[in-house]
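In what follows, a structure is listed as structure tokens, so that the remarks can point back to it.
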Amino acid sequence: MLPEKNPRDVAIEEIPDEWFTWREQNKEEQERLSRPSLSYWNDAWRRLRKNYLAMTGLVFIIILVLMAIFGPILSPYDANIGVLSKQYQPPSAEHWFGTDSAGRDVFTRTWQGARISLFVGFMAALIDVTIGIIWGGISGYKGGRTDNVMMRIIEVLYGIPYLLVVILLLVVLGPSLLTIIIALTVTGWVGMARIVRGQVMQIKNYEYILASKSFGTKTSRIIRKGLLPNTMGPIIVQMTLTVPSAIFAEAFLSFIGLGISSPNASWGVMASDSLGAILSGNWWTLFFPAFFISLTMFAFNVLGDGLQDALDPKLRK
Amino acid sequence: MLKYILKKLLIMLLTLWIIVTLTFVLMVTVPGSPFNSESSSNEIVQQNLERHYNLDKPLPVQYLLYLKSVVTLDFGPSIKQSNQSVNDLLGRGFPISAELGFFTVLVAVISGVTIGTLAALRHNGIIDYFAMTVAVLGISIPNFILATLLIQQLAVNWSIFPVATWQSPKHMVLPVLALATGPMAIIARLTRSTMLEVLTQDYIKMARAKGLSPWKIIVKHALRNALMPVVTILGTLLVGVMTGSFVIEQIFAIPGMGKYFVESINHRDYPVIMGTTVFYSAFLIIMLFLVDIAYGLLDPRIKVNKKEGD
Amino acid sequence: MEKILEVKDLHVNFKTYGGTVQAVRGVDFHLNKGETLAIVGESGCGKSVTVNAIMGLIPNPPGKITRGKIIFKGRDLTRLKEKKMRAIRGVDISMIFQDPMTALNPTLTIGTQLMEGLKQHRNVSDGEAKKRALEMLELVGIPNPEERLKQYPHQFSGGMSQRIVIAIALICEPELLIADEPTTALDVTIQAQILELFERIQEATGVSIILITHDLGVVAKIADRVAVMYAGKIIEIGSKREIFYNSQHPYTKGLLQSVPRLDVKENLQPIEGTPPDLFSPPTGCPFTPRCPFAMEVCNKVYPASFKYSNTHSVDCWLQDERAQKLLAKAVKN
């Protein structure tokens, strides 16, 4: 057997005669593909795993969720009841994140706040997705007149400055967890609906959809089985990016006095309550909520970016 | 082009009408009319309000009269500040807010586009990673937290800039910085991604095949196409800057519209809330409209399609 | 005949996250002045990469010319600095792309795009540039050139756009024109018009053309010589007549048999299988797994280049006399 030399360096005479015999053809060899074939989701997951920043974000989010669930339970302190004599204690072994103006344990309150902030974020995203998929799905799938009317409505809603409406609603309804979520989703679903519609419009003309239509498959089934799974990529990305923007909006509303009312705490309430404290040197009261708001937004943003790259088949190399 | 403008104009008016109606409906449904709450105990104010809002008339008439007052840009008196009309507050606060907003957008667009372009040109290089990390951080840190950090570090600890108020250019640096970071990060990311996409286009390859210099290719062929999507988000960005200014003005004690607005929310000064909401909405919707028109002018495809009427 | 271009042992690699793709693995050919060479092959065989290498348009990273020479008028283009290369691009060598609708910048007028190459390379006034642009539009057959100059790409049909792309490529009077699938994106009737335009231009300007295509009909119409590429190598090269009527490589024969013909009543025979993985290309002949005449040797050693005539050579072990004996025996049975 000849070594793996550059073939052109091999003199013809060197090649043994017995190699000039017919070779068995085998089908498997012919069809050997140039890359292992993976399903869309497997492939996306493989790419996401290689994106360290996005994976860091994912890990952070999991930790945050776990801490939001178990943090307040594990802590010996009550989130809403403080000891006034222990006002403004710096972080110590006793109070890991220190105490605030009412002598409440900031560590406990941070995780209590995480519950509310994450709840607001996830609920807003979930409601946006539900309305967005229904609205966008129908609009995109039906097309024609229906689509025209539904899109005009979206266009009008899109023009309304969303936080102004939220503020207005909260002023009237009075701030509470429920009203904040309602206010955030009243116009929030519009972006999602646009994305879903665009995706559905694109995919509904693909042959496999036309084929199942020609077999007389029911519309609802086509939407559920044929369209939705293939529009999931952008929807998931948009969802991932909705969560941080809802968390931010909640923090912003707390800041202008429309947040969750005390003694309950969200990160936004905690941060806006302690903006003054930082100037008097009690930095920890602001630092921890601010840090976790930023960290959460960061984690969701990088995860969203990573998902976008991973789920976009155009980027498949 | 005319058809395009007309269509956008129609949608703009519809949106405005919805907001005006929405404010009206919300205000009349507020539990216990906002205009005779205990907060407005002042007799004169009470009378002013009743006159302005025609509370003695039936609802449809109230609505029509309210529409009329909005069209004539008369937003009525404030509850809290007696002898002050909402228009007075707008007249005093808005120019300052507009100044803050203008510089913020200017800084955000210029630096965002520059950073995004550089990152795209050095795709997967050190500049790219660095710029994009900074951009994600910029998006992740809420502006009121950034503002507090800036005050604490640059104003209190190092005394480089004044802590608050709005008097000289030096006073503007911190608020503009705090407010511009988020939009800048968004623009940088968008510019980068569209730029990367544009750079793979055939016409860029064609420009290279013509032997043009890299500089010419970027400025003449790539940047203009890459900036189109940036123009489309300018409107949304403006909304963000405006809502951001509410808190920034509060933190830096800038006597702008945003500060009055937040105060009016805290005092439940309904006429000011309504008036400001309507005014700001109108302002933003007009801005969005102008952005749309600008986009139509920039993209030859839109202009001509509409002119030929197909 | 004068050789205008000579490509010797060209290798181009691309680094991707899945590994290194050896897109071009030792390509040799030359181009004579005033002739048209067609490079044919399936998609992914390396034909576009080869011409991009000639243009110096391999994106680096991830791409890199790892070995070989590209000699154009006595200069090795692979060694030229980017700045020198820029002076050649668009002036001595021009390129035309597959899809005219995307090759033109949608936000600039046709006139701007036509004239900018000229202004870049030649010291001309605006008036002269415009005069030349009008001449070019007339040459490629665009009516009302004066008016058209001010219009934007979306106001042109696909065929018209491709004419403009050709005008842009020719405005500096290049000696070599590279056309990468110039008719693939066009309607059949428009294709014929564009091909005729190529012939007319070659007659008028004497430009040499490298035409990349996978359409043998296009080759039959305008090529002088044909190079067949497979898995990053030229496996057979010869004059049009030699390739069409006396092809030697089983792959070339397969290609010809998979084209529908009106004059022959024959079943179409597709080539079974898929091309090999260029992440780890085989040491032997890459066509072995799909080849109906594969021998043990084919899988082990890449075939030597056998000269069939002065212009015709083929990389295939069937040309070896020992294989000829084997073939003769098979025919007898």
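Every read-out reported here was derived from the displayed coordinates using simple, explicitly stated rules and does not represent laboratory data. What you see is a predicted model, and the numbers here were worked out from it, not measured in a lab. We place every Cβ from the backbone using ideal geometry, glycine too, and count neighbours over all the protein chains shown.
Before moving on, here are some points about what is shown:
- Per-selection metrics, chain B (Cα): Rg and Dmax in Å: 23.5, 79
- Among A:Pro16, A:Pro90, A:Pro76: highest mean-square fluctuation, GNM of chain A, C-alpha pairs under 10 Å: A:Pro16
- Taking 14 Å as the cut-off, the amide N atoms of region B:160-202 that come nearer than this to a point 7 Å along the Cα-to-beta-carbon line of B:His123 belong to B:191-202.
- Taking Lys and Arg as +1 and Asp and Glu as -1, the other residues whose beta-carbon sits under 10 Å from that of C:Val91 total +1.
- Taking other C-beta atoms within 10 Å as the exposure proxy, C:Thr78, A:Thr231 rank C:Thr78, A:Thr231 from fewest upward.
- Shielding by partners for peptide A:251-259, expressed as the average number of C-beta atoms from other protein chains within 10 Å of each residue's C-beta, is 5.
- When +1 charges are put on Lys and Arg Cβ atoms and -1 charges on Asp and Glu Cβ atoms, the dipole computed for region B:130-258 relative to its Cα centre reaches about 640 debye.
- Just so you know, the averaged projected area of the alpha carbon convex hull for region B:152-220 sits at 7.0 nm².
- Modelled this way, with points 7 Å down the Cα-to-C-beta line, the labels at B:Gln167 and A:Ser212 are 6.9 nm from one another.
- From helices alone, chain B scores -24500 deg cm²/dmol at 222 nm; the rule is -39500 (n - 2.57) for each run of n ≥ 4 DSSP H residues, then divide by the residue total.
- Taking the Cα centre of region C:54-196 as reference, the dipole from Cβ charges on Lys and Arg (+1) and Asp and Glu (-1) amounts to some 940 debye.
- log10 of Debye I(q)/I(0), alpha-carbon scatterers only, for region B:173-310 at 0.14, 0.16, 0.20, 0.21 Å⁻¹: -0.82, -0.94, -1.17, -1.22
- DSSP finds beta bridges in the protein assembly as shown, and of those with both partners inside it, around 65 percent are antiparallel.
- Cα radius of gyration and Dmax for chain C (Å): 21.3, 76
- Convex hull (Cα only) mean projected area of region A:35-121, reported in nm² to one decimal: 8.0
- Given R0 = 45 Å, the distance between the Cβ atoms of C:Leu327 and C:Lys64 translates into a calculated FRET efficiency of 0.65.
- Along its principal axes, region C:110-202 has C-alpha extents of 39, 30, 18 angstrom, given from the largest down.
- Here's how it looks for C:Ala185: its modeled amide H is under 5 Å from none belonging to a residue 5 or more places away or on a different chain.
- Pairwise inverse Cα distances across region C:184-310, averaged and inverted, put the Kirkwood hydrodynamic radius at 16.6 Å.
- Sequence-distant contacts, meaning Cα pairs under 8 Å at least 6 residues apart, place the relative contact order of chain B at 26 percent.
- Highest average packing first - C:61-71, B:182-192, Cβ atoms within 10 Å: B:182-192, C:61-71
- From phi via Karplus (6.51, -1.76, 1.60), per-residue ³J(HN,Hα) for region A:205-212 in Hz, x at Gly/Pro: 8, 5, 4, 5, 6, 4, 4, 5
- Ordered from longest to shortest, the equivalent ellipsoid semi-axes for region C:34-133 are 27, 18, 14 Å, each the square root of 5 times a Cα gyration tensor eigenvalue.
- Test item: A:75-88 mean partner chain Cβ contacts at 10 Å: 0
- Mean projected area in nm² (Cα convex hull; one quarter of hull surface) for region C:51-101: 4.3
- Placing a pseudo-label 7 Å from each Cα along the Cα-to-Cβ vector at B:Thr21 and B:Leu65 gives an inter-label distance of 2.1 nm.
- Percent of C-alpha pairs per 5 Å bin, region B:130-191, short to long: 4, 19, 25, 21, 16, 11, 4, 0
- One equal scatterer on each Cα of the protein assembly as shown, no solvent, Debye formula: the resulting log10 I(q)/I(0) at q = 0.05, 0.11 Å⁻¹ is -0.42, -1.37.
- Pairwise Cα inverse-distance average, inverted: Kirkwood Rh of region A:122-199 (Å): 12.9
- Each 5 Å bin, from zero up to the one with the longest distance, holds this percent of the alpha carbon pairs of region A:183-317: 2, 9, 14, 14, 14, 11, 9, 8, 7, 5, 4, 2, 1, 0, 0.
- Counting Cα-Cα pairs of region C:1-72 in 5 Å increments starting at 0 gives whole-percent bin shares of 4, 16, 26, 25, 16, 8, 3, 1, 0.
- Choice from B:Leu223, B:Leu26, B:Leu290 showing the highest fluctuation, given a GNM over chain B with Cα pairs closer than 10 Å: B:Leu26
- Relative contact order computed over chain C (Cα-Cα under 8 Å; 6+ residues apart), in percent: 19
- Here r is the Cβ-Cβ distance between C:Val259 and A:Arg224 and R0 is 51 Å; the resulting FRET efficiency, rounded to 0.05, is 0.70.
- Taken along its three principal axes, the alpha carbon spread of region B:87-212 comes to 59, 37, 23 Å, from the longest extent down to the shortest.
- DSSP beta bridge pairing in chain C, given as percent antiparallel to the nearest 5: 65
- q = 0.06, 0.11, 0.14 Å⁻¹, chain A: log10 I(q)/I(0) [Debye, one scatterer per Cα]: -0.35, -0.81, -1.11
- Residue of A:Leu173, A:Leu258, A:Leu227 that the Gaussian network model of chain A assigns the largest fluctuation, springs spanning Cα pairs under 10 Å: A:Leu173
- Placing pseudo-labels 7 Å out from each Cα toward the beta carbon at C:Thr20 and C:Asn246 gives an inter-label distance of 4.0 nm.
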